[in-house]
Protein chains: 2
Amino acid sequence: MPEKRHPIPKGFLLSTAKAGIKYPTKKPTRLDMALIYSEVDAVISGTFTTNKIKGAPVKLCMERISSGKGRAIVINSGNSNVATGTEGLKDAYYMASLTARALGIDERLTYVASTGVIGVRLPMKRIEEGIGKLITGLGGSTPLDVAHAIMTTDTFPKIISKRVRFGGKAATMLGIAKGAGMIAPKMATMLCFIITDLNVEGTALDSALKEAVEGSFNRITIDGDMSTSDTALIMANGAAGNPLIKKTSKDYKGFKEAVFEITYGLSRLIATDGEGATKLIEVAIEGARTESDALRAAFSVANSSLVKTAIYGNDINWGRVIAALGRSGAELKEEKIDIYFGNTMLVKGGVSTGLEGKGERELKKKSVLIRVVLNMGKGTARVLTCDLTEDYIKINAEYRT
Amino acid sequence: MPEKRHPIPKGFLLSTAKAGIKYPTKKPTRLDMALIYSEVDAVISGTFTTNKIKGAPVKLCMERISSGKGRAIVINSGNSNVATGTEGLKDAYYMASLTARALGIDERLTYVASTGVIGVRLPMKRIEEGIGKLITGLGGSTPLDVAHAIMTTDTFPKIISKRVRFGGKAATMLGIAKGAGMIAPKMATMLCFIITDLNVEGTALDSALKEAVEGSFNRITIDGDMSTSDTALIMANGAAGNPLIKKTSKDYKGFKEAVFEITYGLSRLIATDGEGATKLIEVAIEGARTESDALRAAFSVANSSLVKTAIYGNDINWGRVIAALGRSGAELKEEKIDIYFGNTMLVKGGVSTGLEGKGERELKKKSVLIRVVLNMGKGTARVLTCDLTEDYIKINAEYRT
């Protein structure tokens, strides 16, 4: 769980507001808007949902990100502004332009992210009032406030921060994310914002983010439902004064690893907070014919409702794991498959080792490792997920009603 | 729900027994073995799971079915004899040979089907005793007994029967199936046995079954988990004395339709009995660019946990439907999508019609139709599924423990 005080990178100001986006009340009680603002032009990069239905804010970000420059990100929760047609798209652009005007910056440097219910127009009057509050309170919020403001079904705020040193200069990296359901492969999680005062060249920022997202957010699955709003943005404003990090710099590797540490840390927090989850599940495939076979096998196990309910029920049911492997499309031979739960080998060469009793102790842990060795080649993959419980059903049967 | 008395096709004898396969007790209380026996050589055809991990009985059936001939099917529930290695395969063959010897028939005409827990060796002593009871009681069981004997997590027995007339002769078709979980596309349901006294040529039987399965069992999904035991067998013994039905006969079309009626009826029963389900959901896609696009879109919606929990919660959340369409891989344009729940148009051209209130009444029904018109071409597809409830979790977290 996040520490209380996360540092804010130099030259960034945060703000949050209670705008009553989801429930109109005279006195909204919940933070539901946030603003991330850089005092100087920053380099920006992003990855977005590959769902063919994309939210209006995603369309706006995808259009603007090609400039590689950013100053501000304005965010709301409670309504995702998805499937709202051309009017919804206008709302997203208007949200950006209002924010830019109030900040006195170029509106093309202003990005928007929204999360929440699909198919309902944004309450623009409340958004307008919210933006007013964000401007008035600029600089008065903490990373924790921002993390709270962007939550929907999340049960805890998700923040990872890091103090780093490059080229003799101290700098800060801060990542804030939200996500608990509608989490599936090929995405960039629901929402993730990383800001840093490091001085980084655009292409280096871009490739570090894409590589980090591929190995972290794109390796989580909670329910196999891909969101229409997935957005990960990273902004670097150079306020730390370090020599420019390029892809060819010796500092690039360290920077790339730091970005990955943040996205991987946030991925673990998201999987841990999977809707209704009681346990984090890590599926590790080894010895697949290829890496893509390994990924296919890992996602097939991680997406299996039967595997996930068995883990929830403390049932050492490796039969459901082998069934999920068999339908994954990965090349395999039954008689070559070994399966471990934690360090306990349950299946050797496709048949039971009789160690189910010992394996059951692994299931009592908060974090369960399912390791499969296919003995077909050298492909490996790791995917994070969580167990499937009655609370997932409750949350999703009752959400919005 | 099935009627009390289903007819048995002429020349077939049924038998069931309490063998205590799952729980060894002195006096087993549950029917868990069944025998379907034809007094004369019958023509047989089958379809099987496409999971790369296949149960030992599936391997046996796949090997023997090429002869096109059958006399007996011996079945047990409580243990699927999957992932049991070469010893498990020997058990399946031994089960067939014991049955054949006791019946005095060629063991190559004897088929085996098993359903239940994966990865545990069959209790062969109890299987042997069970086969003894099946032989002693041969002809003493009803279709309902057989349907009961093959159930696992099913909450009701699944039977569809039909009286037919071909070439001036009255005949009977009887279909019995089981399945409630681990139900997913590309399969032939968990277990399905169809017997008829019609006189049918092997190739006609084969193509009628395959076409029927493709349009029915292969269009159900409960949890996206493909079984390792899926088996559908059809046996026709000719006892009705009708002129041989060939693929070129004028009777073939009627026969094919009758087989489909049985498999489709059983499919609806399976989806209705989806583990923990309270509602049957039918997803109909129209206007897709191609039929395979339509199928992709239909399965993406039908497999969405978020759609299924929303239906359970009586939440008219079409946003989750459009998100599932967007990630399906089907070609689509957001601004062309229309979505109906029952007869109520909720989305026109990608945006809300504002009729959510009216649509909510559709959700109160036991059977919910989600109809999507993509307006991209002429591809259509229908897929059956059910809602996702707390009871699915309970059943699967507690099953086997």
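The values are calculated or read from the model by the stated rules, or taken from the named source; none is laboratory data. Owing to the predicted nature of the structure, the values given are computational and were not obtained by experimental measurement. Glycine gets a Cβ as well: all are built from the backbone with ideal geometry, and neighbour counts include every protein chain shown.
For segment A:377-388, name all the residues that are within 12 Å of another protein chain (Cβ to nearest Cβ) and either more than 16 Å from A:THR153 (Cα to Cα) or surrounded by fewer than 24 Cβ atoms within 10 Å (Cβ to Cβ) (or both).
Passing the criteria: only A:ASP387.
Could you list, ordered by first residue, the pairs with Cβ atoms under 8 Å in which the first is in segment A:324-340 and within 8 Å of chain B (Cβ to nearest Cβ) and at positive phi and the second is in a loop (DSSP other than H, G, I, E, B) and not polar (S, T, N, Q), at least 6 apart or interchain?
If the second residue must be in a loop (DSSP other than H, G, I, E, B) and not polar (S, T, N, Q), no pairs are left.
Determine which member of the set B:VAL368, B:VAL373 is assigned by TED's automatic domain parsing to the domain that holds B:LEU332, more than 14 Å from B:ALA310 (Cα to Cα) and not aromatic (Phe, Trp, Tyr).
Residue meeting the stated conditions: B:VAL373.
Considering only residues that are assigned to a strand (DSSP E or B) and within 7 Å of another protein chain (Cβ to nearest Cβ), which ones fall in segment A:341-355?
Listed by number, the residues that qualify are A:VAL351, A:SER352.
Checking A:THR353 against (1) at positive phi; (2) surrounded by fewer than 20 Cβ atoms within 10 Å (Cβ to Cβ): exactly one of these is not met. Which one?
(1)
Is it true that some residue in segment B:78-100 is in the same structural domain as B:LEU134 (by TED's automatic domain parsing), within 30 Å of A:ILE339 (Cβ to Cβ) and assigned to a strand (DSSP E or B)?
yes
Against the condition in a helix (DSSP H, G or I) and either touching a Lys or Arg at 6+ places or on another chain (Cβ under 7 Å) or modelled with pLDDT of 90 or more (or both), how does B:GLU335 come out, does it pass?
yes
Out of all the residues in segment A:102-127, which are more than 18 Å from A:ARG30 (Cβ to Cβ) and free of Cβ contacts under 8 Å to residues at least 60 places away in the same chain?
Of everything in segment A:102-127, those that are more than 18 Å from A:ARG30 (Cβ to Cβ) and free of Cβ contacts under 8 Å to residues at least 60 places away in the same chain turn out to be A:ALA102, A:GLY104, A:ILE105, A:ASP106, A:GLU107, A:ARG108, A:THR110, A:VAL112, A:GLY119, A:ARG121, A:MET124.
For every residue, the table says whether it meets (1) outside the structural domain of B:VAL40 (by TED's automatic domain parsing); (2) of a type outside the set (Gly, Ala, Ser); (3) farther than 18 Å from B:SER38 by Cα; (4) at pLDDT below 95.
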{"site": "B:VAL120", "(1), (2), (3), (4)": "no, yes, yes, yes"}
{"site": "B:ARG126", "(1), (2), (3), (4)": "no, yes, yes, no"}
{"site": "B:GLY130", "(1), (2), (3), (4)": "no, no, yes, no"}
{"site": "B:GLY139", "(1), (2), (3), (4)": "no, no, no, no"}
{"site": "B:ALA149", "(1), (2), (3), (4)": "no, no, yes, no"}
{"site": "B:ASP154", "(1), (2), (3), (4)": "no, yes, yes, yes"}
{"site": "B:PRO157", "(1), (2), (3), (4)": "no, yes, yes, yes"}
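Going through segment B:96-116 one residue at a time, which ones are farther than 16 Å from B:GLY132 by Cβ, crowded, with 21+ Cβ neighbours inside 10 Å and either over 26 Å from the mean Cα position of the chain (by Cα) or of a type in the set (Ser, Thr, Tyr) (or both)?
B:TYR111, B:SER114, B:THR115 - these are the residues of segment B:96-116 that are farther than 16 Å from B:GLY132 by Cβ, crowded, with 21+ Cβ neighbours inside 10 Å and either over 26 Å from the mean Cα position of the chain (by Cα) or of a type in the set (Ser, Thr, Tyr) (or both).
Would you call A:THR152 within 14 Å of chain B (Cβ to nearest Cβ) and either touching a Gly at 6+ places or on another chain (Cβ under 7 Å) or part of a strand (DSSP E or B) (or both)?
Criteria met by A:THR152.
Select from segment B:280-321 the residues that are closer than 16 Å to B:TYR340 by Cα, part of a helix (DSSP H, G or I) and touching a helix residue (DSSP H, G or I) at 6+ places or on another chain (Cβ under 7 Å) and list them in ascending order.
Across segment B:280-321, the qualifying residues are B:ALA297, B:VAL301, B:VAL307, B:ALA310, B:ILE311, B:ARG320, B:VAL321.
Restricting to segment B:23-59, name every residue that is within 14 Å of chain A (Cβ to nearest Cβ) and assigned to a loop (DSSP other than H, G, I, E, B).
Within segment B:23-59, B:THR49, B:THR50, B:ASN51, B:LYS52, B:ILE53, B:LYS54, B:GLY55 qualify.
Among the residues of segment A:246-279, write down those that are part of a loop (DSSP other than H, G, I, E, B) and not hydrophobic (A, V, I, L, M, F, W, C).
Within segment A:246-279, A:LYS246, A:LYS247, A:THR248, A:SER249, A:LYS250, A:ASP251, A:ASP273, A:GLY274, A:GLU275, A:GLY276, A:THR278, A:LYS279 qualify.
How many of the residues making up segment A:258-314 are away from chain B (no Cβ under 14 Å), among the hydroxyl-bearing types (Ser, Thr, Tyr) and under 14 Å from A:ALA180 (Cα atoms)?
Adding up the residues that qualify gives 2.
Kindly indicate whether B:ILE44 is within 30 Å of A:LYS333 (Cα to Cα) and crowded, with 22+ Cβ neighbours inside 10 Å.
Yes, satisfied.
Return the only residue of B:ALA288, B:ALA310, B:ALA294 being farther than 17 Å from A:THR84 by Cα and without any contact (Cβ under 8 Å) to a residue 12 or more places away in the chain.
So the residue among B:ALA288, B:ALA310, B:ALA294 that is farther than 17 Å from A:THR84 by Cα and without any contact (Cβ under 8 Å) to a residue 12 or more places away in the chain is B:ALA310.
Restricting to segment A:258-298, count the residues that are under 17 Å from the mean Cα position of the chain (by Cα) and not aliphatic (A, V, I, L, M).
Total satisfying the criteria: 12.
Let me spell it out: the conditions are (1) under 27 Å from the mean Cα position of the chain (by Cα); (2) touching a residue at least 60 places away in the same chain (Cβ under 8 Å), and B:ASN375 meets all of them except one. Which number is the exception?
(1)
Could you tell me which of the residues A:LYS378, A:LYS365, A:LYS394 is basic (Lys, Arg) and closer than 23 Å to B:ILE395 by Cβ?
Going through A:LYS378, A:LYS365, A:LYS394 in turn, the sole match is A:LYS394.
Just to be sure before I move on: is B:ILE127 within 13 Å of another protein chain (Cβ to nearest Cβ), buried (at least 19 other Cβ atoms within 10 Å of the Cβ) and in contact with a helix residue (DSSP H, G or I) (Cβ under 9 Å, 6 or more places away or on another chain) in the structure I sent?
no
Which one is surrounded by the most Cβ atoms within 10 Å (Cβ to Cβ) among residues in segment A:135-163 that are closer than 20 Å to A:ASP230 by Cα and polar (S, T, N, Q)?
A:THR152
Applying the selection to segment A:22-50, what residues are touching a Leu at 6+ places or on another chain (Cβ under 9 Å), farther than 16 Å from A:ILE150 by Cβ and not hydroxyl-bearing (Ser, Thr, Tyr)?
Answer for segment A:22-50, where residues must be touching a Leu at 6+ places or on another chain (Cβ under 9 Å), farther than 16 Å from A:ILE150 by Cβ and not hydroxyl-bearing (Ser, Thr, Tyr): A:GLU39, A:ASP41, A:ALA42, A:VAL43, A:ILE44.
Within segment B:241-252, track down each residue that is touching a residue at least 40 places away in the same chain (Cβ under 8 Å), out of contact with any helix residue (DSSP H, G or I) (no Cβ under 8 Å at 6 or more places or on another chain) and farther than 10 Å from B:GLY168 by Cα.
B:LEU244, B:ASP251
I need the full set of residues from segment A:207-245 which are away from chain B (no Cβ under 14 Å) and assigned to a helix (DSSP H, G or I), in order please.
A:SER207, A:ALA208, A:LEU209, A:LYS210, A:GLU211, A:ALA212, A:VAL213, A:GLU214, A:GLY215, A:PHE217, A:ARG219
Restricting to segment B:356-376, and then to whatever is more than 14 Å from chain A (Cβ to nearest Cβ) and in a loop (DSSP other than H, G, I, E, B), can you tell me which residue is surrounded by the most Cβ atoms within 10 Å (Cβ to Cβ)?
By that ranking, first place goes to B:ASN375.
Is it the case that A:GLY140 is within 25 Å of A:GLY55 (Cβ to Cβ) and either of a type in the set (Gly, Ala, Ser) or assigned to a strand (DSSP E or B) (or both)?
no
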